[in-house]
Structures are given as structure tokens and as C-alpha cells.
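Down below is the structure, laid out as C-alpha cells.
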Amino acid sequence: MKICKLCGHGFSSPGWRCPRCEEAPTSINGFLSFVEEKMQLHDSFKPEYFPLLYRLEAGSFWFQHRTRLILGAIAHCSPAPKNVLEIGCGTGFALAEIRKTYPDATLSGSDLFTESLHFASMRVPTASFYQMDAYRMPFNEEFDLILALDILEHIDNDSRVLSEIFRSLSPGGRVIVTVPQHRWLWSIQDVKAFHRRRYTRRELVGKMRHEGFKIACVTSFITLLLPLMVLSRLYGRFAVNARKEYDPLRELKMHPLMNRIMGRVCRVEERVLQRGIKLPTGGSLLCIGVKELGHG
Ligand SMILES: [Zn+2]
């Protein structure tokens, strides 16, 4: 069900014009926008990175690895998703892979920036894209699967977004969340990426439970590469101390050979996770939450 942002009326009719008050969302750069005007200046990412991200992420071991893990998680927890939303979908890399696996699913993506939606809609022309603020999602019990991949760490009030996700899920629906893990890994990379925090497992699980989710699964990943990640963060500190210019996309501009080696290591990690083994530590966390039947 959709929710009218003006009068709060819930409706399921096609299109976005509210049957009660006739309000319809405006379109910005070709995308329906649910963002308040004052939010347009929100400083949580640099939109000028999107063209480069679009070019680099398809070849990056990290995006490939995370996307394969997400596809594995979907197959495990929601094997036939019908109506999927990815919040903060960026340039649509994950949604494009989901489209290949689930050609008949209804896919939607949202982002604060229409600059990224432009690339996402080129990648997945059959999905719907919205400019949306995750604090005010215009949905109620609409989706059976919502993805929030490395989004919550950018948001001041992450609990409020988890609560919006909970309401937007149909009873029985699932959310798949990934976030950066371990406070001790905090570095200039997090600052440059506009992160508000890195999570502990207890913090993420606690916040999800508090908003009503039952936790179906939680595991670390980027476990085998954790020592390299620590070294890379130490180098980041060194580079900043030496007043070298720090490139926030440095980890995406890796030498192709290094990228291939990292990719191989990640494949080993995927095989471990596919066997249902949960990893206790790693650079990131993956958590699946369920909105149990009877909620709503
Ligand atoms: Zn209305």
C-alpha cells in the first residue's frame, strides 16, 4: 500500500495520485520525489562520485562479493521474492543482479540522489525508481523483501529508518541489512565515506529487535581479508599524517591483479558461508530480519 505524504491516506490504486486529497508527488529529473525540499541539500554522499562508481563497481571484487552474498541470502530467506525494494540503491549494481535472478519480480530502488537513479535506471530499466528519504517512506505493508546494503551507517537516526522499513514490509517479509563492522576499524575511509558509525553485532541486532524484527540470521563477512583491511586502514592513517591527498575511492581503484586475488579469497569465504557457517568477525556484518506474521 502507498501512503499519501500530504494527508497520510493509504491507497493501493495504480499511480501515485492520492484518491482522497488528489495530492501527487512531484517529479525531479524524471524520478518521482518524496523528499522534502529542505532535504535536497542533504550532505551524506558526494553525487560527483556516481559516474566513477558506476564505471568501477562492476569490476570491483567488493561489489561482486557483496552482491553474491546478497543473492545467497535471498535464496536462503526469501526464495521467490515478488515485490522488492532496495533503499539507497546507488547506481543499481545489486538490483541489476537481482533482476537477472528474478526476472518476474517487481523491483524498486530508492536513493536521496537523482544522479545515482539516472545510472540505476539505465542498468535496470524494468525497475521503478524513487527519490526517497528513508526517514519518510511512503509505503505500508508493501514489500516482501527490502534491502539496506551499507546504508544505515550513513544515517544519524538508524533506528527510525529500521522502523520505516518494518512498516513498509508485508507481514512475513524480510529485510537484508549489511553494515561496516568493528568500531576499532574506524578510519579516515569512514570519514570520507560520510559514515556516522561502524557497528558491533550487538548494536545492530539490538536495534533491529527493538523495531520488531526477529533475527533469522547474522554473520560477519570480509573475514579472510580482515588483516589486509587493517593494513589498508593503517596506510590510510599514514597517508593522512604525511599530508598526502587521500582518495576515498582508493579501494575501488585497486590494481587489477590485486583485485583478482581479493576476488579469489572472497570466493573461499562465499563457500564457507554457503555451508551455513556463521563467521564471528570481519569487516562487515550481514543480518536478516523477519517481520513475523501477525504484525501490522
Ligand atoms: Zn492524500
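Any read-out appearing in this document is the output of simple, stated calculations on the displayed coordinates, not a laboratory observation. Every value quoted in this text rests on a predicted model; they were computed, and no experiment measured them. So basically every Cβ, Gly included, is an ideal-geometry build from the backbone, and we count neighbours across all protein chains shown.
Worth a mention:
- Were the residues from VAL272 through MET1 laid out at 0.36 nm apart, the gain over their Cα-Cα distance would be 93.7 nm.
- Summarising the amide proton neighbourhood of CYS89: residues at separation of 5 or more, or on other chains, whose placed amide H is nearer than 5 Å comprise SER110, ASP111.
- By the beta carbon rule, with partners counted only under 4.7 Å, the chain holds these lone Cys residues: CYS77, CYS89, CYS217, CYS266, CYS287.
- Global size of the chain as Cα Rg and Dmax, reported in angstrom: 19.0, 61
- Of the cross-linked pairs LYS5/LYS82; LYS46/LYS82; LYS46/LYS214; LYS2/LYS291, those separated by over 28 Å at the C-alpha level are LYS46/LYS82; LYS46/LYS214.
- Where labels lie 7 Å past Cα in the beta-carbon direction, separation of HIS255 and CYS217 in nm: 3.6
- Distances between placed amide hydrogens fall under 5 Å for CYS217 paired with ILE288, all partners being 5 or more residues away or on another chain.
- In the range 122-187, chymotrypsin sites (Phe, Trp or Tyr not before Pro) in a DSSP loop with at most 15 other beta-carbon atoms within 10 Å: TYR135, TRP186
- Per-residue extension of 0.36 nm, minus the Cα-Cα distance of THR281 and ASP247, leaves a gain of 9.6 nm for this segment.
- Using a Förster distance of 45 Å, the FRET efficiency for GLU22-LYS46 (Cβ separation, nearest 0.05): 0.75
- A crude spin-label estimate for the pair HIS9 and LYS82, with each label 7 Å from Cα along the Cβ direction, gives 2.6 nm.
- Among SER12, SER170, the ranking by other beta carbons within 10 Å of each residue's beta carbon, starting with the fewest, stands as SER12, SER170.
- Amide H contacts under 5 Å for TYR199, placed H, 5+ residues apart: GLN181, HIS182
- Distance-filtered residues of the range 5-21 - backbone nitrogen under 14 Å, label point 7 angstrom along GLU141 Cα→Cβ: 10-12
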